[in-house]
Amino acid sequence: MSYLIAFTVVMVFMLIGEWISTVTKAFIPSVFITAILFVLGFWAIMPKTIVAQASFDTPFVGICISLLLVHLGTLMNLKELVAQWKAVCIALLGVIGTLVLTLTVGSFIFNWHTVIAAVPPLTGGLVAALLMTNGLKAAGITALVALPVSMFVIHSVIGYPLTALLLKKEGKRLVDNFRNGKAHISKNGPKMTKKAVATQPQQQIFSLPVEYQTPSFTLVRVALIALLSNYIGLLLNNAINANVICLIFGVIAHQLGFLEDNALNRAGVFNWLMYGLLAYVFAQLSLTTPQVIGGIVLQIIVLIALGILGMFIASWLLAKPFGMTGEMAFACSLTALFGFPADYILTTEICRNVAQSEEEEEYLTESILPKMLVGGFATVSVASVIIASVFLKLL
């Protein structure tokens with residue numbers, strides 16, 4: 001029965017986060033509350049292995065990531081993906097702003113190894129944190145082993161509410177334009193919200209009768225694209241991150257008609273996979289303790305402040321030249337603090353809570369979500385891995 005208890009606890013934490021987000025109209029993001037609950041739980045009586053006991057272990061999460069990224073490709077088309085080059089530029093230049101301030105000012109305040117160990121997870125997500133942790137162990141710098149994961153924990157907690165505030169302001173601006181007749185929903189793009197998907201007719205794939213187009217048929221096709229993407233990633237020796245290939249191949253498969261819009265939502269497994277991935281991310285919080293955090297919190301807070309300031313300066317200066325508002329540009333840069341799936345969840349929560357109708361929600365989602373997803377992939381899936389790989393050689 002222990003696995004059922006573990007699963008129930010994990011889902012209760014998710015539920016509390018979602019309810020608080022709903023009550024506060026997404027002012028307090030669900031991922032922020034859930035992260036706090038996991039931290040307190042791990043620091044109190046909750047076993048460190050509770051997420052694995054709930055069945056959300058490493059193999060399951062590996063499946064989750066690949067399938068979800070292919071699915072996200074079915075939310076966009078090639079033209080739309082290319083059109084988001086501005087979001088990619090803003091996000092990457094925001095990361096450069098972070099590197100400039102942390103490596104210059106930060107190096108004057110703290111020793112070189114501290115800065116090198118902390119910056120990659122600041123400019124990326126969990127992968128960069130784990131890469132640096134393993135690198136520090138291999139280099140014998142045991143005193144800093146807890147720094148990367150602790151940085152990941154704390155900067156995420158700061159990044160969630162800050163990004164939510166920016167997206168909420170941007171959402172209100174966009175929805176005002178929509179209500180005043182200054183904007184409209186694209187008729188050709190794929191529908192991104194669950195409500196919109198439910199009202200769309202099921203696409204006839206391969207001219208098969210409807211009774212043969214079952215959820216398992218959808219899952220098999222998504223899994224095949226994910227498998228091909230990971231195989232290509234291995235052939236390229238990870239020169240291009242397999243996660244990025246999953247997204248790109250998902251877009252291509254959707255454009256060719258191999259996958260329908262919102263594939264995993266139609267198969268009815270999207271939420272299950274998303275909760276599994278989130279649970280695994282939160283499980284990494286078990287690596288920290290109050291004593292560890294207390295010993296390095298000053299370094300982390302100062303470097304986070306420098307990093308976010310660098311993002312702010314870069315994105316605010318470049319917002320107008322790239323045709324974005326300051327809030328949208330800064331939010332794109334901040335995706336470096338958490339990446340997928342938090343960027344997806346934060347964005348959809350804001351769109352759902354700001355909108356007062358299905359049409360408004362669809363418009364907000366189409367306007368904001370592609371920028372946030374592409375920005376997150378550019379920073380967390382690509383830039384952070386490259387930065388971590390380079391910084392490992394500087395230890």
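The values are calculated or read from the model by the stated rules, or taken from the named source; none is laboratory data. All values derive from a computational prediction rather than experimental measurement. Ideal geometry is used to build each Cβ from the backbone, glycine not excepted, and the neighbour counts take in all protein chains shown. Note: accessible area is taken over every heavy atom of the protein model, side chains too, but ligands, DNA and RNA are not part of it. Shrake-Rupley method; radii C 1.70, N 1.55, O 1.52, S 1.80 Å.
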Any hit, segment 137-144, residues being open to solvent by 10 Å² or more (accessible area, probe 1.4 Å), at pLDDT below 70 and part of a helix (DSSP H, G or I): yes
Matching residues in segment 207-218 - criterion: being within 19 Å of GLY73 (Cβ to Cβ) and surrounded by fewer than 17 Cβ atoms within 10 Å (Cβ to Cβ): PRO215, PHE217
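Hey, can you tell me all the residues within segment 49-73 that are closer than 23 Å to ALA253 by Cα and open to solvent by less than 60 Å² (accessible area, probe 1.4 Å)?
Of segment 49-73, the ones closer than 23 Å to ALA253 by Cα are 61-73.
If the condition is that a residue be closer than 23 Å to ALA253 by Cα and open to solvent by less than 60 Å² (accessible area, probe 1.4 Å), then VAL61, GLY62, CYS64, ILE65, SER66, LEU67, LEU68, LEU69, VAL70, HIS71, LEU72, GLY73 are the ones that fit.
Filter segment 208-224 down to residues that are hydroxyl-bearing (Ser, Thr, Tyr) and part of a helix (DSSP H, G or I) and give me whichever is modelled with the lowest pLDDT. Before the answer, list the steps.
We begin by selecting, within segment 208-224, every residue hydroxyl-bearing (Ser, Thr, Tyr); these are 212, 214, 216, 218.
Going one step further and asking which of them are part of a helix (DSSP H, G or I), we end up with 212, 216, 218.
Values: TYR212: 79, SER216: 91, THR218: 90.
The extreme case among them is TYR212.
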Some residue of segment 245-267 being part of a loop (DSSP other than H, G, I, E, B), in contact with a Leu (Cβ under 7 Å, 6 or more places away or on another chain) and touching a residue at least 40 places away in the same chain (Cβ under 8 Å): yes
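Check every one of the helices (runs of 4 or more DSSP H) wholly within segment 285-395 and list those with 3 or more residues that are in contact (Cβ under 8 Å) with a residue 40 or more places away in the chain and surrounded by fewer than 17 Cβ atoms within 10 Å (Cβ to Cβ). Working first, answer last.
On the way: elements: 290-319, 326-334, 342-354, 358-376, 384-392.
Ranges flagged: 290-319.
Filtering segment 28-48 down to residues that are among the β-branched types (Val, Ile, Thr) and free of Cβ contacts under 8 Å to residues at least 40 places away in the same chain, which residue is least open to solvent (accessible area, probe 1.4 Å)? Break it down stepwise before answering.
First, the residues of segment 28-48 that are among the β-branched types (Val, Ile, Thr): 28, 31, 33-34, 36, 39, 45.
After this cut, where a residue has to be free of Cβ contacts under 8 Å to residues at least 40 places away in the same chain as well, the list is 33, 45.
Working: ILE33: 26, ILE45: 162 Å².
Checking each candidate, the answer is ILE33.
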Matching residues in segment 244-272 - criterion: being under 15 Å from PRO341 (Cβ atoms) and open to solvent by 50 Å² or more (accessible area, probe 1.4 Å): ASN271, TRP272
Lone unmet requirement of (1) modelled with pLDDT under 85; (2) open to solvent by 20 Å² or more (accessible area, probe 1.4 Å) for TYR275: (1)
